[in-house]
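Inspection log for the structure reproduced underneath, given as structure tokens.
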Amino acid sequence: MSRGFEVIKKYADQDINLPERQTKHAAGYDFEASEDFVLPSIWKLNFIKILRAIRKAENSSDEEIDLADKDLKPLLIPTGIKAYMEDDEYLMLANRSSNPLKRRMILPNGVGIIDADYYNNPANEGAIYFQMINYGLRDLKIKKGERIGQGIFMKYLTADNEKEVTKSREGGFGSTKK
């Protein structure tokens, strides 16, 4: 099986590029956005109103706080790509080093992990997305084909005294919650 990338069915006829390394010694494969995407500035979102109220020691209802909290989350930029790999490997998703400096775009969880059993899962075919936040003052317009992040294939180790894991993946993104 080894490792590699494929375009998911949804984007099969939409001229999606498979991730590529840009230089001979690059560790990461650059992923592109599969469609035009607007990543809004977090400073334009509803949570700013609540921050002002907190700063002024004003009361806000639980409903207002919940709505503001719901607003303050990363958005998922689609790549149209899935990755296959050996059972003892994963694909680490990382931000491009230039994104925070040049585009004010960050990967809020630091890295994303794509497990080997995410490939072709029944929920979303293994579609890879990059979670991003735009901390800049302006909305960020990302064009289809722009590089948004990178993936690095890695091996992993397991503990000697680990209980046997028999559960299989049933869902897609974020499906291994307890």
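The values are calculated or read from the model by the stated rules, or taken from the named source; none is laboratory data. Treat the numbers as computed from the prediction; the structure is a model and nothing was measured. Quick reminder, even Gly has a Cβ in these numbers, built from the backbone with ideal geometry, and neighbours come from all protein chains shown.
Summary of values
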{"item": "Unique residue being under 14 Å from Ile148 (Cα atoms) and either in a strand (DSSP E or B) or touching a His at 6+ places or on another chain (Cβ under 6 Å) (or both) when the list is Leu76, Leu18", "result": "Leu76"}
{"item": "Number of the condition not met by Arg52 [criteria: (1) modelled with pLDDT under 95; (2) at negative phi; (3) not in a helix (DSSP H, G or I)]", "result": "(3)"}
{"item": "Gln131 within 18 Å of Ala26 (Cβ to Cβ), modelled with pLDDT of 95 or more and in a strand (DSSP E or B)", "result": "no"}
{"item": "Filter pass, Arg103 being of a type outside the set (A, V, I, L, M, F, W, C), touching a residue at least 12 places away in the same chain (Cβ under 8 Å) and exposed (fewer than 14 other Cβ atoms within 10 Å of the Cβ)", "result": "no"}
{"item": "Selection within region 1-15 - farther than 16 Å from Tyr129 by Cβ and part of a strand (DSSP E or B)", "result": "Gly4"}
{"item": "Subset of region 30-47 (residues that are touching a helix residue (DSSP H, G or I) at 6+ places or on another chain (Cβ under 8 Å) and at pLDDT below 95)", "result": "Leu45, Asn46, Phe47"}
{"item": "Among the candidates Ile114, Ile148, residue that is surrounded by 15 or more Cβ atoms within 10 Å (Cβ to Cβ), of a type outside the set (S, T, N, Q), assigned to a strand (DSSP E or B) and touching a Leu at 6+ places or on another chain (Cβ under 8 Å)", "result": "Ile114"}
{"item": "Residue in region 117-145 that is farthest from Pro40 (Cα to Cα), counting only those that are among the aliphatic types (A, V, I, L, M) and surrounded by 16 or more Cβ atoms within 10 Å (Cβ to Cβ)", "result": "Ala127"}
{"item": "In region 1-55, residue nearest to Met85 (Cα to Cα) [restricted to those that are among the small types (Gly, Ala, Ser) and under 22 Å from the mean Cα position of the chain (by Cα)]", "result": "Gly4"}
